[in-house]
Amino acid sequence: MKVLVAVKRVIDYNVKVRVKPDNTGVDLANVKMAMNPFCEIAVEEAVRLKEKGVASEIVVVSIGPKASQEQIRTALALGADRGIHVETDEEVQSLEAAKLLKAVVEKEEPKLVILGKQSIDSDNNQTGQMLAALTGMGQGTFASEVVVEGDKVNVTREVDGGLMTVALNLPAVVTTDLRLNEPRYASLPNIMKAKKKPLDNMSPADLGVDIAPRLSTLKVEAPASRQAGVKVADVAELVDKLKNEAKVI
Amino acid sequence: MSILVIAEHDNSSLKQATLNVVAAAKAIGGDIDVLVAGENCGAVAEAAAKAEGVNKVLVADNAAYGHFLGENLGELVAEVGKGYSHILAAAGTVGKDFMPRVAALLDVAQVSDIMRVESEDTFVRPIYAGNAIATVKSSDSIKVVTVRPTAFDPVAGEGGSAAVEQLDVVKDAGLSQFVNEELAKSDRPDLASAGIVVSGGRGMQNGDNFKMLEQVADLMGAAVGASRAAVDAGFVPNDMQVGQTGKIVAPQLYIAVGISGAIQHLAGMSDSKVIVAINKDEEAPIFQVADYGLVADLFEAVPQLEEELKKVM
């Protein structure tokens, strides 16, 4: 079966985020960018499904500026077979991303679509669910285990009280949580091979999708910072302060 | 304006998060209706009817909603919610699952995890793991919003007397089935709404050592949490994770034991009123946000803490 994986180019997980002085956003100039960590887990899961003989082809799609091709090439080096780049320099919000992905799903007809549960820039946690709704598919969100059995996929989900398993009819959408797998690193030979794998380029207009945003960001500020407090010498002093100074116990 | 709040519950009791979301709805202003969707959830509807500021409680009681499957809830809430100006739900794993489906079915954007209401169409929310705070304005006719419960003081759960109305809308999308669940059973308070939280990190070394924290927690009536490192290492289950992608907590007192304080962890607890850090590494970033820091070996400090607490509690 064919698996479609969506990946997003975001600020690298390890980079210290700084708000721009004019409060229009976060400073991304000369900042290291990388594949969203949850998307790495999505790619890894697809590759493992292929290694198990469940997936026959992995198509990776990314929406974003020209440089997003780097993240598509990374996914190809990790084991995806071909890439689709929906190229735009405009901001693409979750609903519009879901509409673009829906158009790709209609072209590619995958049996399973795997996405990260959220991107670490906008922290929205929306696109996978929106794609599932728009395409009339079931969804296994926040997945910690994915098992394909016949025409169904069983997804174990990380929920507030613990774990919950659902069975979804295929085709279906899965969004990844942290403990689904541990992504591998790409080997140098595979990075070289990935350069020769096919990568299609298209625009939102080619897919017939209007990506005008519905939400406007009025300002972006740094969070109120917490002041470091005092160091206490021992446990007795700590308990005394909690009881008599902070009055929280 | 008319606001539909989707109740969070477990079919038998209303979760406190619902009262926090009603508070967010009050901040927007307008009539507030609460939708209780579940199976055999009459007691939940009665509880919701007593909440302060609720105009009407709508009940969709059907097996299709018993396990809160996002496909079915999404269709139901989109159908019931299309007559409202706002649809609000708590940003827990249930709300995060079905609300984007509602937004997509209504062809509107969703505003996730709001911390503050600026006006009927403008909301404040964290981005970049809380390293930046964005003020966003929605141009859609229906605002679909998930709410960070800890950011809003709950309305009173008693005193109201809203009318309860049964809906006979059954939406079974037929796309998914519930198979099973493994829910943690605990007599301790719910992590997300507990007044005191004691959390352990990688420094705990193994799951057995969390018993030390549980003993301290039980003395104070506290919940027990964990850092991602402790969950990833398999010490404790995922539902205990506090952080950007786990639970967001804001208790009166947060005690971080053997937690270094990665930015993703701080994103989940830095709104706590008082933060205590116990860590043997005095350079650990957790000390930069702690009101009281104790540089000590946790295996000595935690048993001492238990003894000291026994004297004063």
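The values are calculated or read from the model by the stated rules, or taken from the named source; none is laboratory data. Note that the structure is a prediction, hence the values are computed from the model and not measured. Cβ: placed from backbone, ideal geometry, glycine included. Neighbour counts: every protein chain shown. Side chains are part of the model used for accessible areas, which takes the heavy atoms of the whole protein and leaves out ligands, DNA and RNA. Shrake-Rupley method; radii C 1.70, N 1.55, O 1.52, S 1.80 Å.
Below is a table of values for the structure above.
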{"item": "Relative intensity, log₁₀ I(q)/I(0), of the range B:187-260 from a Debye sum that treats every alpha carbon as a point, q = 0.21, 0.25 Å⁻¹", "result": "-0.80, -1.16"}
{"item": "Assigned charges on the beta-carbon of Lys, Arg, Asp, Glu; the protein assembly as shown dipole about Cα centre (debye)", "result": "1280"}
{"item": "Within-10-Å neighbourhood charge of B:GLN16 [Cβ basis; K, R +1; D, E -1]", "result": "-1"}
{"item": "Sulfur and carbon atoms: percent of accessible area, the range B:241-313 [1.4 Å]", "result": "47"}
{"item": "Subset of B:LYS247/B:LYS273; B:LYS15/B:LYS310; A:LYS152/B:LYS96; B:LYS211/B:LYS247; A:LYS107/B:LYS143; A:LYS102/A:LYS193 violating a 25 Å alpha-carbon distance limit", "result": "B:LYS15/B:LYS310; A:LYS107/B:LYS143; A:LYS102/A:LYS193"}
{"item": "Positive-end residue, the protein assembly as shown charge dipole about Cα centroid, Cβ charges, pick of B:LEU19, A:ILE72, A:LEU112", "result": "A:ILE72"}
{"item": "Where B meets A: accessible area buried, both sides, 1.4 Å probe, Å²", "result": "6800"}
{"item": "Accessible surface of the range B:1-122, 1.4 Å probe, proportion on carbon and sulfur as whole %", "result": "43"}
{"item": "Listed residue (B:VAL147, A:PRO189, A:LEU218) projecting farthest to the positive dipole end of the protein assembly as shown, Cβ model", "result": "A:PRO189"}
{"item": "Cross-link partners of A:LYS219 among aspartates and glutamates (Cα-Cα below 20 Å; sequence separation of 8 or more within a chain)", "result": "A:ASP22, A:ASP27, A:GLU90, A:GLU91, A:ASP121, A:ASP123, B:ASP113, B:GLU118, B:GLU120, B:ASP121, B:ASP140"}
{"item": "Solvent-accessible area per residue for the protein assembly as shown (1.4 angstrom probe, square angstrom)", "result": "40"}
{"item": "Distance (nanometres) between label positions extended 7 Å along Cα→Cβ at A:ALA236 and B:LYS310", "result": "1.7"}
{"item": "Span from the the range B:110-178 Cα centroid across to the the range A:154-197 one, whole angstrom", "result": "28"}
{"item": "Residue-averaged [θ]222 nm for chain B, counting only DSSP H segments that reach four residues, each worth -39500 (n - 2.57)", "result": "-8000 deg cm²/dmol"}
{"item": "Cut-off of 10 Å, at most 12 other beta carbons, DSSP loop: longest stretch of chain B lacking such GluC sites (Glu not before Pro)", "result": "B:1-157"}
{"item": "Only Lys, Arg (+1) and Asp, Glu (-1) charged, at Cβ; the range A:96-219 dipole about Cα centre in debye", "result": "380"}
{"item": "Mean Cα-pair separation over length for the range A:114-158, i.e. relative contact order, pairs under 8 Å, 6 or more apart, %", "result": "25"}
{"item": "Karplus-derived 3J(HN,Hα), 6.51/-1.76/1.60, for each residue of the range B:126-141, Hz, glycine and proline x", "result": "x, 10, 6, 6, x, 6, 8, 10, 9, 9, 10, 10, 9, 9, 7, 6"}
{"item": "For the range B:45-108 and the range A:1-40, distance of Cα centres in Å", "result": "32"}
